[in-house]
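No value in this document is a laboratory result; all are computed from the given coordinates. The structure displayed is predicted, hence computed values, not measured ones. Here the Cβ is made from the backbone with ideal geometry for all residues, glycine too, and neighbour counts use every protein chain on show.
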Amino acid sequence: MEPKQTKIIAVANHKGGCGKTTTVVNLAAELARLDLSVLVIDLDPQANASLHIGKHHPSEVKVSIAELLLSEVEKLPLAIYEDTHIDGVSLIYGSLALGMTEDKLKDEAPRPSEELRQKIQPLLGLYDVIIIDCPPSLKLLTSNALAAATDLIIPIESGSQYGMYGVTDLVRHLQKIYRINPTLNLLGVLLIRHDERQTVCKLIEGAAKEQLGKLIPIKIPTSTKINQAAMAQTSIQKIDHAAKVAKAFRKLAIWVADECQLATNKTEIIDDLDLTSDTDHE
Ligand SMILES: Nc1ncnc2c1ncn2[C@@H]1O[C@H](COP(=O)(O)OP(=O)(O)OP(=O)(O)O)[C@@H](O)[C@H]1O
Ligand SMILES: [Mg+2]
């Protein structure tokens, strides 16, 4: 089999609660449904992505990303868990210990921002897509994700008047990252809790386009299905296949696969996007 052209997508914004983890989990699930092999790396000490899709509690996992970042690359196979709650999606767990890992990297690593890039090097060619969930900070963990990534998605909560808070710092941080990783490609801003009838959403959409330059054409609506899916440790698609928000993530996966030139088996999914009518009117 030919080696794959692995795409590494970081989902980052240091603003807390803007939809990073929701995007990582549901985009991963939908990319896997397109027959792509997907690995999620949970780089957040809160370990929300691991709690959502992992079959183990993060505290029970021997080699999480925290240990991997501080150990020899030989530990990599022990860190990958292929059996998760989402079909076709593997996981490298996050851990509370990541806070300490960040301090150690800062003090001891020769290139503190480039440890992740080095550690996951052997995975290039094995997966179609690696998706990295970032913590709500611009410190070393996020720098490691951005230095390792080929592509970047920035979720912004357009349904909140504070959605753009901190974006200028993020832009400044990205300028520094481009020095380490000049080919990092901004896929775009993903608008979360978007409702184009609302003035706040229109204003945030305009400001995001102006400051970051690129919007993803698919927008994620507000939906209670998102919390339900997280509670049930599954994807939104499994909770309600025909919900608007499920379709939005399906379209997002198809869009991302096209942008990243990933060869998919998408006919079936495109067909059911057209055929199913919405079950919700949220
Ligand atoms: N489109 C949406 N509609 C309704 N609820 C949403 C939506 N997106 C996210 N949420 C909810 O908002 C909360 C924050 O989302 P999420 O955990 O994805 O954000 P995050 O950016 O990863 O947060 P953190 O910065 O803490 O890691 C969660 O409870 C999630 O279920
Ligand atoms: Mg999160």
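Mind checking the alpha-carbon convex hull of region 104-187 and giving the volume per residue in Å³? Spell out each step's value before the answer.
Numbers: hull volume 9.4 nm³, N = 84.
Hull volume over Cα atoms, normalised by residue count, gives 111 Å³.
When the Gaussian network model of the chain links Cα atoms closer than 10 Å, the mean-square fluctuations of 71, 95, 223 top out at 71. Taking 0.36 nm per residue of separation and subtracting the Cα-Cα distance, full extension of the segment from residue 107 to residue 195 would add 27.2 nm.
Stretch residue 233-residue 214 to full length: gain in nm at 0.36 nm per residue minus the Cα-Cα span? Display every interim value, and only then the final one.
Working: separation 19, 0.36 × 19 = 6.84 nm, distance 3.16 nm.
Answer, rounded to one decimal: 3.7 nm.
Between 15, 225, 75, the residue with the greatest mean-square fluctuation in the GNM of the chain (Cα pairs under 10 Å linked by springs) is 75. Using Cα springs under 10 Å in a Gaussian network model of the chain, which residue among 24, 129, 61 shows the largest mean-square fluctuation? For the chain, modelled as a Gaussian network with Cα springs under 10 Å, the answer is 61. Pairs from the table (106/176; 4/119; 7/209; 139/202) lying more than 21 angstrom apart at Cα are 7/209; 139/202. Of the GluC sites (Glu not before Pro) found in region 1-75, those in coil by DSSP whose Cβ has at most 13 other Cβ atoms within 10 Å are 72. Look at the dipole of region 7-275 built from charges on Cβ: of 11, 168, 51, the Cα furthest out on the positive end belongs to 168. When only Cα pairs below 8 angstrom with a gap of at least 6 residues are kept, the chain shows a relative contact order of 23 percent. The chain has equivalent-ellipsoid semi-axes of 28, 22, 18 Å, by the square roots of 5 times the alpha carbon gyration tensor eigenvalues, sorted largest first. Here each label is just a point 7 Å from Cα along the line to Cβ, and for residue 82 and residue 2 those points are 2.3 nm apart.
Region 45-110 and region 4-35 have Cα centres separated by 16 Å.
Which of 15/62; 219/244; 225/247; 15/238 have a Cα-Cα distance over 18 Å? Mind showing how you got there, number by number?
Values: 15/62 30 Å; 219/244 10 Å; 225/247 12 Å; 15/238 28 Å.
Distance filter (> 18 Å) returns 15/62; 15/238.
Summary of packing: across the peptides 101-114, 134-147, the per-residue average of other C-beta atoms within 10 Å ranks them, highest first, as 134-147, 101-114.
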